[in-house]
Structure formats: structure tokens, C-alpha cells
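The values are calculated or read from the model by the stated rules, or taken from the named source; none is laboratory data. These numbers were taken from a predicted model, which means no experiment stands behind them. All Cβ positions, even for glycine, are placed from backbone atoms using ideal geometry, and neighbour counts span all protein chains on display. Keep in mind that these areas ignore ligands, DNA and RNA; they rest on the heavy atoms of the full protein, side chains included. Shrake-Rupley method; radii C 1.70, N 1.55, O 1.52, S 1.80 Å.
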Amino acid sequence: MARHGKRHHDYPSLAEKTLIIDNGAYNIKAGFSTENPDVKECQLIPNCIAKSREKKVYVGAQLSKCRDFGDMVFVRPLEKGFVVNWPEEKAIWESAFLDSTAVLKCDPHETNLILTEAPNCPQTLQVFCDQMVFEEFEFASYYRCVGPSLNAYNDIPSLFGDNSEQPPKLSQLPAECLLLIDSGYSHTTVTPLLHGRPIQNAVRRLDVGGKFLTNALKETLSTQYYNVQDDTIPVTEIKESACYVSDDFKRDLDRTWKLGARQRREIDYSIVIDWVLPDYENTMHGYSLPHDPKLPFKTRTLPMGESVLPMANERFQIPELLFNPSDIGLAEGGLSDIVMQSLEQLPKGLWPAMLGNIVLVGGTSKLKGLRERLEAEIRQNTPSDFPVRVALHPEAEKATWLGGARMANNEDLMKRLCVTRQEYLEHGHTLMHTWTNRQFQARANAVGTTMLEG
Amino acid sequence: MPQIEELPTTGPSAVRPTPGWALVPDSNYIDPSKAPLNPTASIRGKRSTRFENVAVSGDVLSSRKEREIRQRLEHLNSENRYDRKEVAIAIPKKAGDDKPSKKQTTGVRKILLSDKAFKHHLEDEVAHLSKQSEQGGSSTSYAGPQIAPSYAIPQPPPPKKRKAGPVNTSHIKSAAPDTVPPTTTTNAVEPSEFDVNPLLATSIPPLPSQDELLRLITAPPLSYNAARAAPASHYASLRRHFCDVCGYWGDVKCLKCGGRVCSLVHKAEHDSHCSL
């Protein structure tokens, strides 16, 4: 028992450097912690291995050298937000962190690692991950946590314009109450956070994310115009720049309807745009032009030979799937429904604090109009006694990474949470290799308890 | 009663056996994303005529339509148009990587050789959980599929437009947690002159006790399936239909294939290549 007591006070010393990896299914967000963490230090590394039509293979960050994204085939190590294919992930991590030319080159033996995972990860995959980190990469110490929870270490008050003159000090972190919505590539999750700890019973997931929307857009464009099924990157570009969440779906749909049964209607051309696809000879990226109604509506080409897609109701019908997944037959509630489903798992006393601190992060949350629509829908669903505030993190994609980088500055906290390689070699194999996983939970619970009490 | 069904062995939806060893789930769990969209559709067999079904819900999906939707959802969740196996990009060897790599542990080798997809891991998890619930024991590290009791009284759907009325908006603002952390000690709201009026008084529920909060943050995670969003309560009435041709409201239904179109003009276009 004496030894047990001692262990709680003499925390092992950690390495100087800390690498934070927010391991997203689309992009890895990674960088080292610094005294004043800034998103500029965060690198975006595509988490994929891609093959171009010239059969050239690109691993991770090498994709930025690619000049032709047409007909590209991708293999991603993550499925549904979890690392499933370790051979590919190993190759990508090695090229990003171990290669002599890598921007983020480090010696794992002298580096701490903070790694994120999506909520509700099956335990086998967590065990796989821990084994890979310690046995293959051999990091000095390591903390694995649910990605959304790191956001509690961000400067939340400034997102809502509260007492902006003094950002919270390290000791004031993590934020006490936060309802975090992470809309990523594979899915959208709602995670209520109390003192930086997720309230696990109230975590909810909607299986609509960036990939789903891109595929839906591909499908629509392919049936209405011409086949873009193999053009993932150009279609993603269209989604990111031309699509938006409508604040009044019915009105916008009516405004873009052309054919009445008896008469042709005049449509509202302010919604319609012409999207010019890149040809990968002269142009690398697509761009939009105001719609020219004189030209025929179907597929056309510009004088230079570029292909043009007119986009009307597709612009808001695709993002609408986030709010009404039933439109496509998916039997899950929309974004505002899952917020309510999550809240219903919480005591009513926490509702005001949660509803007043809703933060959106993740690449898909950058869709235009999404924040406003979500705020309006939640407002309609909740008692008017409670104020509702929804904020979009200005660096939505890198927000989780930034939170992790800020957490890494709290040395005391890190010492209490991280499992060192030494400890792993001693105990890691016990309990069917689940020892590390149990330690992460137990330590985080202990930290949460002290935060709640103190 | 064992369920016997024919599984496709070719084509993209073919079931691949789990590589290696796996627990076979024997649960009644129904994946909500794959469950029939209309609950009445599952009892089709018991009802003899089509018309009875129509009378029940007015919009029963045929099993063919269900299958179509399922395939479509699978397609929307896929990475490329092809199966992962067919893509098979060989991981390029780095130049100067000829030196013997360090010895891998058995665990790492097993992980790297594991050919399981997420689907297989999920099946394992479901099987593991059903085994656990059979034994009645609950391990602390693994969350059972049980859902915590719902605290909130279900809110009746709010009226279409909440009348702002005489409620002082500045008062609502003051209720906003203007200091962060917002729930420091109480949910106290500045007293307002309207609080004496029972219709206008704000009711802020008391904060839960320390023990309750502790229980909330130390609960083990839910399983992957338990965290999935449930359909909205008014799901059936929400189902909207869109024109297959232009994406406008699909008010006209094709009698042959069940596809939707917006107008007679697009009905003609649909009929020209109707699949049935």
C-alpha cells in the first residue's frame, strides 16, 4: 500500500518535447507543443495513400507534390474514424515523423505523444493503437484521449466574445462546461464536456460527415450532368466552396424550381452559379462564375474548353443531409436532434451551461450557414429560459490540435495522465494488453475528480 | 427460430468471411442504419394484401426499395467506387530502406498482418458485449449497451413560433453565463422585475450534486452502436421525397418503380428510362 501511495506523488519525469497528433480520417493534424501554441505550427498531412492515373503513388504529405487529381484512387488507414489498417498508417506516420526530410522529424524515444481517437472506439482497436505506439514507434510517453475533449483547453470565452481582455490562464483550464460538436470526415459527434472530461453516456454520433456529403454530391452531379464518380478532389472542392446550409430550405428549393406543370417558371438566378472544373493543364483548382442564363442549362464548355457545371439546388440540398439525414433514407436524427438526444442524458441543471457553450469544430462545420441554422434549430427545441449560443471555432480543422498543444503546456497534468514507456514495458502486457487502456481511463477519472473538487 | 437466408457470394455486397478467428454475434441487435425504414414493412409477411399495408402507413417501402436504400448508403460511405481489395496500392519502399529493420514484436506483427476491416471489429464488439450481458457480469472497463436513465422529461414539440411577447430580451441576455466557467457555483440569475409574474419568471433548474457530476464524468464509454444517433421521434412524418431528375419536391410517384418526380415534364423524362 505504501508503494501505491508513493506512486501518486512521484510522477515520472517526461521528455522535453511533446508531439500532438490529431489523427483525423482525412488529414492528420500534427505539431510540437510550444510555449505559446499557435495553429501556424500545426501541419496538415493527408492521412491517405493515393494513386494517380499515371500510377504514381503518394504517401501522406507527398500528395502536395501531385499536380493531377483526376481519377485518383485513395486508400485510407482510418475507417469510420478509427485506425484499422496499421500497415498504411505506419507508412504515413513514418514519412511524416521519422523520415530525415520530414518537417516534423523527431526521435520518438525523446518525445511525448498526445494522440486523439474518435469517441466510442472498440476496445480491440484501442489496444492495437497502444501496442503500435509503444512497441513499434517507441514513444517515451503517451496519452491517448477522445479528440473532442482536448477542445476544453482552448480559449472558449473568446469564441463567445466574453471578457476578451484577459484570456484564461493555464490554471483556469479546462473550461468547465462545453458542448462540443465535432463534424469531421467520417461522422459528426456531440460530446458534452465537464471539466475537460467527456460525459460518456451522452456522447452521440451521426454517421454523416464530409465523406458522405462528397459522395452524395458526386452521385447527384453524376446523375444530372456527367460522371464525376472518380474525381474525389475536384468534387470536394465544389462542396467546400459552392455548397451552403440554407436557412430556409423550402423557400430556397422553390426559388430554384424551373418547371411548373403548366408553365415555365422564372428561377432566382442569385442562387445558381456556374462551376468551372479544373482541367489540370492550365488550371489546378475549380472556380465559380455567376450563372449565364443565355447558355443552355445542361453541360457546356467555355471557349478554352473547360467543363462547366451549373449548380442550383445541389448547392444547399447536399449539406441539408446533415440536418435531415432521413431525406436520403438514413434512419438517424439530424444535427439538432442529436444535440437534444445528448442533452436528454444530462440532468436538467446542466442544460443552461451546455446550451450557452456550444462549440463547433471539424472540417465539415466550416460549411457556410451551418452555425446559424444549428443555433436557430436548437433555439426552437429548447425552453426559452435557457440562452443558446453556438460558436464556430475560427480554426475549425485545427481546433482539437490547438487544445492538445495548450494542454501539453500543463506539465503537472501531463505527468498525471501520460503512461511512460517504462511503465508499459513493466505492465503493458497484463490484462490481455488492456492495462494501458485502463490506466488512461483511471488516470483521467482521477484528474477529473480533483478538478471537480478543487 | 434460426433465420435462414441466402447471402450473396459475388458482387460488391458479398459477405466476406472474417479473416482469422472471430466471435459470431448471436444477438437480436438490429443496426438502425440498416433497419427497415418503416417499421410496418417488417411485418409485411403477416399481412396478406398490399392494400392493408397501405392503409397502415400510406407509404410502405417494398423490400426492393429498402435494399436500394441500403446499397445507396453503403455506397455513400465508401471511399472509392471499388472495393478496398481491388484498389490494393502497394506501399512504396523508401530509398535506402534496405538496412534490416528493427525486430518487430509478435504483437506488432499480428496487428500489421491483421486483415480485419472495421466491420469485423464491430462484430467482435457486439459479440463480446452480448456474451458479457449473458454472463451478467459487468466489467468496469467495458461499457455495456445499457443506456443511462434519461433525466429530462421529454419536451413536447414546441409551438411553431414562440411569441417573443413581453419577455424582456435583455433579461434573457443577463441569464447567459457571462462569466466563464459558467457553472462555478450556482445557476443564479440576476433577479428581474418580471420574476414576480408567474408567467414570465425564469426557472433555472438547480445544479446537480457533486456526486452526480462525478458519476457522470467517470462513467465508462458506451459501445459504438449505443452511441449512434436514434431516429428523430417524428421520423416517419419527416421523410421527404425529392424529384429524381431535378431535386425539387417529388410529389409524383412512378407507379412502376416507385421513383419520385416533381412534375409531368420530368415524369416524361423519367419514363423514358424507367428501370421497370
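Things to note:
- What you get for the stretch A:87-183, charging only the Cβ of Lys and Arg (+1) and of Asp and Glu (-1), is a dipole of about 200 debye around the Cα centre.
- Binned Cα-Cα distance frequencies in the stretch A:359-454 - 10 Å width, integer %: 13, 26, 26, 24, 10, 1
- Distance in nm between pseudo-label sites at A:Asn381 and B:Lys93 (7 Å out along the Cβ direction from Cα): 5.4 nm
- Sequence-ordered 3J(HN,Hα) estimates for the stretch A:153-158 from the Karplus curve with 6.51, -1.76 and 1.60 and θ = phi - 60° stand at 8, 7, 7, 5, x, 5 Hz, glycine and proline given as x.
- Using the average count of surrounding beta-carbon atoms within 10 Å as a protection proxy, the listed peptides A:312-322, A:428-438 rank, highest first, as A:312-322, A:428-438.
- Contact residues in the stretch A:331-345 (at least 40 Å² less accessible area with all protein chains than alone, 1.4 Å probe): A:Ala331, A:Glu332, A:Gln341, A:Glu344, A:Gln345.
- Here each label is just a point 7 Å from Cα along the line to Cβ, and for A:Asp412 and A:Ser13 those points are 1.9 nm apart.
- CD proxy at 222 nm, helix term only [per DSSP H run n ≥ 4: -39500 (n - 2.57); per residue of chain A; nearest 500]: -8500 deg cm²/dmol
- Tilt relative to chain A, helix A:210-224 - C-alpha long axis, 0 to 90 degrees, to 10: 20 degrees
- Which listed pairs, of A:Lys250/A:Lys398; A:Lys348/B:Lys131; A:Lys80/B:Lys65; A:Lys55/B:Lys103; A:Lys398/B:Lys110; A:Lys29/A:Lys51, have C-alpha distances above 28 Å, in listed order: A:Lys250/A:Lys398; A:Lys348/B:Lys131; A:Lys55/B:Lys103; A:Lys398/B:Lys110
- Kirkwood Rh, Cα atoms: Rg over Rh of the stretch A:61-158: 1.01
- Highest mean packing first, where packing is the average number of other Cβ atoms within 10 Å per residue, the peptides A:82-95, A:174-187, A:374-387 line up as A:174-187, A:82-95, A:374-387.
- Look at the stretch B:110-123: the mean tally of other chain Cβ atoms within 10 Å of its residues' Cβ atoms is 5.
- Selected from A:Cys129, A:Val73, A:Ala91, residue furthest toward positive end of dipole (the stretch A:73-186; charges at beta carbon): A:Val73
- A cut-off of 5 Å between modelled amide H atoms, ignoring neighbours fewer than 5 places along the same chain, links A:Tyr244 with A:Phe316.
- Charge dipole of chain A about the Cα centre (unit charges at C-beta), most positive-ward option of A:Leu413, A:Gln172, A:Pro290: A:Pro290
- Per-peptide average of other Cβ atoms within 10 Å, ordering B:220-233, B:251-264 highest first: B:220-233, B:251-264
- All Cα pairs of chain A, percent lying beyond 37 Å: 31 percent
- Share of carbon and sulfur in the accessible heavy-atom surface of the stretch A:319-440 [1.4 Å probe, %]: 49 percent
- Spacing of the two label points (7 Å from each Cα toward its C-beta) at A:Leu98 and B:Asp271, in nm: 6.5 nm
- Exercise: per-residue mean of other protein chain Cβ atoms within 10 Å, A:185-193: 2
- Förster radius 30 Å - calculated FRET efficiency between B:Lys131 and A:Glu426, Cβ distance, rounded to 0.05: 0.50
- Charge dipole magnitude, Cβ of K and R +1, D and E -1 - chain A, Cα centre, debye nearest 20: 560 debye
- Here is the tail figure for the stretch B:227-267: Cα pairs spaced more than 14 Å apart come to 53 percent of all pairs.
- Here the alpha carbons of the stretch A:1-134 define both size measures, Rg and Dmax, at 17.5, 65 Å.
- The base-10 log of I(q)/I(0) for the stretch A:207-257, evaluated at q = 0.23, 0.28, 0.30 Å⁻¹, reads -0.94, -1.08, -1.11 [Debye formula, identical scatterers on Cα atoms, solvent excluded].
- The stretch A:43-91: radius of gyration over Cα atoms, expressed as a fraction of 2.2 N^0.38 Å: 1.13
- Exercise: per-residue mean of other protein chain Cβ atoms within 10 Å, B:239-246: 4
- Summed buried accessible surface, chains A and B, 1.4 Å probe, nearest 100 Å²: 9900 Å²
- What the Cα convex hull of the stretch A:139-252 gives, in volume per residue, is 196 Å³.
- Averaged over its residues, chain A has an accessible area of 37 Å² per residue, based on protein heavy atoms and a 1.4 Å probe.
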